[in-house]
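Notes follow once the structure below has been shown.
Please treat every number below as a calculation from the coordinates, not as lab data. Remember, it's a predicted structure, so these values are computed and weren't measured experimentally. All Cβ positions, glycine included, derive from the backbone under ideal geometry; neighbour counts span all protein chains shown.
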Amino acid sequence: MRRAKPIRSALFVPGNREDRMRKAPRFGADALILDLEDAVAAPDKVAARATVRKMVEELGRAGQNIFVRVNDFETGLTWADLDAVVCAELYCVMLPKVTGPEDIKRADTIIEFLERKHGIEPGTVLIDPVLETAQGMRQAYEVAIASPRVTHLGGLTGKDGDIARAIGFQWSPEGLEAFYYISKVLLDARAANIAYPMGGRGWWDIQDLDGLRAEAIRTRQFGYNGMLLIHPSHVAIVNEVFTPTAEQIADWKDLIAAVAKCESEGSSVLIRNGMMIDTAHVKVAQEMLKWAAELGMA
């Protein structure tokens, strides 16, 4: 099974716009989501498949992490979408409007069939479920463990989107209405050992970069490792927020070294900067350094 990568920023790109897909890597997102769902009008969906397949291969060979958001199972388009885009260069399928683990098992079966059909190592293509139904949100843990392909699962929401409609909440700048949902799905994802969940409230105000930064900081504080983005101007800010600083990395290394020195001297108690340090702090520092290393920072 392919190992999940840390994704700080994943930028949506319309799947029927070859020009935009070709330009998208210049903005520096860790991943691109080539969209066959909401960004493509119904009459254009069939034609867009070939364009997306072409760009998955081209961009994937250039080293870009590529997701494709396919259409949900209720549309009847999912199988043909997957048949068009599954290839060795595809990193992950984004499966929208997941209602439960059955959707994941169904997608897993189709993807494995297509991998074998095309001579691709089974487990090459991952699945990122999008929980946009109340049923899917309620069963987030079951969704997460339905297939070893599942990765990056998180609680996502946006102003007046599918999730707001499914739950019935009213969007607010403060975001209190989404706190439970975003936290609940994250807890389920962590319990299922999902690596590098992406989540938070989607930021739709393209020009409000201060608001975006505040939202990204809050999403990181929740415990997420990245966000989904709709505009190229948002990439640099989100990458910055979800990248550990040199000072943080140095502090984590210093903490681990200080504890090791303390233990070598026969002491189990360390007071550092006025704070008592124990093994839990060491484990957190080690996990953070692992994350930083996978981002190429440590």
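Observations, loosely collected:
- In this label model, E287 and S267 are separated by 2.7 nm, measuring between points 7 Å along each Cα→Cβ vector.
- Long-range HN-HN contacts of S9 with modeled amide H, under 5 Å: D30, A31, M227
- Ratio Rg/Rh, restricted to region 9-241 and using Cα atoms, in which Rh is the Kirkwood radius: 0.94
- Relative contact order for the chain, counting Cα pairs under 8 Å that sit 6 or more residues apart, in percent: 17
- Taking every lysine pair in the chain that is 8 or more places apart or spans two chains, those with Cα atoms closer than 13 Å amount to 4.
- Summing Cβ point charges (Lys, Arg +1; Asp, Glu -1) relative to the Cα centre of region 1-134 gives a dipole of roughly 520 debye.
- Per-residue ellipticity at 222 nm from helix content only, as computed over the chain with -39500 (n - 2.57) for each DSSP H run of at least four residues, stands at -14000 deg cm²/dmol.
- Under-5 Å amide H pairs with L153, H placed in peptide plane, nonlocal only: M198
- Qualifying GluC sites (Glu not before Pro) for region 194-298 [loop in DSSP, other Cβ within 10 Å: at most 15]: E265
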